[in-house]
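> The structure under discussion is supplied below as structure tokens; questions concerning it will follow.
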Amino acid sequence: MKRLLPLCLPLLLLTACAIGPKEYPPVPDHVDYATAAPPEDGWTTRELMSMTYLCGQRLTWPQSVEGLGDAFEVTGYSRFLSRSRLVPGQLCYRGTPLANVTVVRPKKETMLYTFVLTPQICEVTEIEPFVINGVQMYDTMDDVAAALGEPDYRSEDAMRYDDRETGEDLYWFFFEDGELIHVLLELRFDIDLPLYRDEAGKEAT
């Protein structure tokens, strides 16, 4: 083993030097954000996701990290663990922190499962980090209600929108001094993984 080390070290150094700084695609000069009138009976996950943009990239459902494009990446998580369970990580845009996420990698793609954006997390300034049906960070509760319709839950500092078909909570919006500062997005989808079974083979709760 000792004889192999001198041969391996130059290869390791060569590989490290060849990686260099990562190059990202440029920030778009202009984004045509899609908007739509809110449905009278509420949104489905797929409908509301199609009205959501992260740094100019329109989302789909379910949403993979790879599907966001080369400007996005998830850091601070274990690729090994994410193949069998939900793990926390940080979603970055062009190397800059955007949001905290949980991800899972059931097959070949890393899927986003939850997404949390706050001023303490997001450092993106080159482009609007989050837009949903025309609503942006620091908009008011009235702005959100006008764009998305009346929420399924509303308090003095929070609003929640549920999927009209499943009844599960989809979006949480939190406000401070009347301004939107915290977004929680639940990108639930069916995951068939061994993790969700206990040792006896029953579904874990």
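> Which ordering of His182, His30 is given by a fewest-first count of other beta-carbon atoms within 10 Å?
Working: His182 18, His30 6.
Least to most surrounded, the residues fall as His30, His182.
> Each residue of region 163-171 in turn: what ³J(HN,Hα) in whole Hz from Karplus with 6.51, -1.76, 1.60 and θ = phi - 60°, glycine and Pro shown as x?
Along region 163-171, the couplings run 6, 5, 8, 9, x, 7, 5, 10, 10 Hz.
> Name the residues whose placed amide hydrogens come within less than 5 Å of the amide hydrogen of Ser84, ignoring near sequence neighbours (fewer than 5 apart) on the same chain.
Here Arg105 satisfy the definition.
> Which distance in Å, rounded to a whole number, links the C-alpha centroids of region 20-71 and region 139-170?
19
> Just to confirm a number: summing +1 for Lys and Arg and -1 for Asp and Glu over residues other than Asn133 whose beta-carbon lies under 12 angstrom from that of Asn133, what do you get?
That sum, taken over residues with Cβ under 12 Å, equals -2.
> Through the Karplus equation 6.51 cos²θ - 1.76 cosθ + 1.60, θ set to phi - 60°, convert the phi angles of region 64-74 into ³J(HN,Hα) values in whole Hz; use x for Gly and Pro.
Running phi through 6.51 cos²θ - 1.76 cosθ + 1.60 with θ = phi - 60° gives 9, 5, 4, x, 6, x, 5, 6, 10, 7, 10 Hz.
> Restricting to Cα pairs below 8 Å that are 6+ residues apart, what does the relative contact order work out to for region 35-189? Please round to a whole percent.
Once normalised by length, the contact order is 23 percent.
> Around Met137, which amide H atoms from residues at least 5 apart in sequence, or from another chain, sit under 5 Å from its own amide H, with H modelled in the peptide plane?
Amide H neighbours of Met137: Phe130.
> Something else about it: Just to confirm the filter: which GluC sites (Glu not before Pro) across region 17-84 are DSSP coil and have at most 14 other Cβ within 10 angstrom of their Cβ?
Taking region 17-84 and a limit of 14 other Cβ atoms within 10 Å, the loop GluC sites (Glu not before Pro) found are Glu23, Glu40.
> Evaluate the Debye formula for region 35-189 with equal point scatterers sitting on the alpha carbons, no solvent, and hand back log10 of I(q)/I(0) at q = 0.10 Å⁻¹, in q order, two decimals.
Debye curve over Cα of region 35-189, log10 I(q)/I(0) at q = 0.10 Å⁻¹: -0.33.
> How about region 89-123: which trypsin sites (Lys or Arg not before Pro) there are in a DSSP loop, with at most 13 other Cβ atoms within 10 Å of their Cβ? Can you show the working numbers first?
On the way: sites: Arg94, Lys107, Lys108; in loops: Arg94, Lys107, Lys108.
Loop-located and lightly packed - Lys107, Lys108.
> Sequence-distant or interchain residues sharing an amide H contact under 5 Å with Phe72, placed H: which?
Arg94
No lab work stands behind these numbers, since they all come straight from the coordinates. Only a predicted model underlies this, so the values are computations on that prediction, with no experimental measurement involved. Don't worry about glycine lacking a Cβ; one is built from the backbone with ideal geometry, like all the others, and counts go over all protein chains shown.
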